[in-house]
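Below is one structure, written out as structure tokens, with a few remarks after it.
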Ligand SMILES: [Mg+2]
């Protein structure tokens, strides 16, 4: 059995923890309380560009600080927001069986994953700008004689799949549930 994990809000507590940390880094840099969140909501499209977001705020608030320094500070604590329980499960499943596929700005995700230190736990780390479909189909083809389990917190990545192209795929919508017992159940059925 092979496993494909998403990063944000699956292996990494992005919404609940990292985003708050990001706002607090900006407030520490002098941005008034509440503004980072407002600005985030305004500029949030499909792809979040953190450096653009930070420099936009610094300019708007007339703060003489480098966006690069705030960005670095923001990422320095990345390890604190990992989903430790789920990573324990990944370790047990073994590097050979686990893939990581994340969607977003390539540089930001590269930096985030590098800082988090999780890359060595995965057979392959794939960063896609928009859709995960092609990467998922490729992994399903590669392991066509095995079951492939795709774990993501967003239904939209399941909806875009062409299931005829990946008959060996099972999807799990992740909401923080214990997956280890579920994987055990799957491997015995
Ligand atoms: Mg996600």
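At a glance:
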read-out: Ranked 187, 76, criterion: other C-beta atoms within 10 Å, fewest first; value: 187, 76
read-out: Cα-based shape type of the stretch 15-78, given that a ≥ b ≥ c are square roots of the gyration tensor eigenvalues and the cut on a/c is 1.5; value: rounded
read-out: For the stretch 1-80 versus the stretch 142-189, the gap between their alpha-carbon centres in whole angstrom; value: 29 Å
read-out: Segment residue 41-residue 177, extension gain: residue separation times 0.36 nm, minus the distance between their alpha carbons; value: 46.2 nm
read-out: Antiparallel content of DSSP bridges confined to the chain, in %, to 5; value: 5 percent
read-out: Contour minus Cα-Cα distance for residue 33 and residue 79 (0.36 nm per residue); value: 14.1 nm
read-out: Sites residue 95 and residue 168 - FRET efficiency at Förster radius 22 Å, r taken between beta-carbons, to 0.05; value: 0.60
read-out: Contact order relative to length of the chain, as percent, for alpha carbon pairs under 8 angstrom and 6 or more apart; value: 28 percent
read-out: Mean separation of Cα contacts under 8 Å, 6 or more apart, over the residue count of the stretch 36-139: relative contact order %; value: 27 percent
read-out: Cα gyration tensor shape for the chain, rounded if a/c is under 1.5, else prolate or oblate; value: prolate
read-out: Relative contact order (%) - the stretch 15-78, alpha-carbon pairs under 8 angstrom, separation at least six; value: 38 percent
read-out: Distance in nm between pseudo-label sites at residue 154 and residue 61 (7 Å out along the Cβ direction from Cα); value: 2.6 nm
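Readers should treat all values here as calculations from the given coordinates under stated rules, not as data from a laboratory. Since the structure is predicted, the reported quantities are computational estimates derived from the model, not experimental observations. No Cβ is skipped: glycine too gets one built from the backbone with ideal geometry, and neighbour counts run over all protein chains shown.
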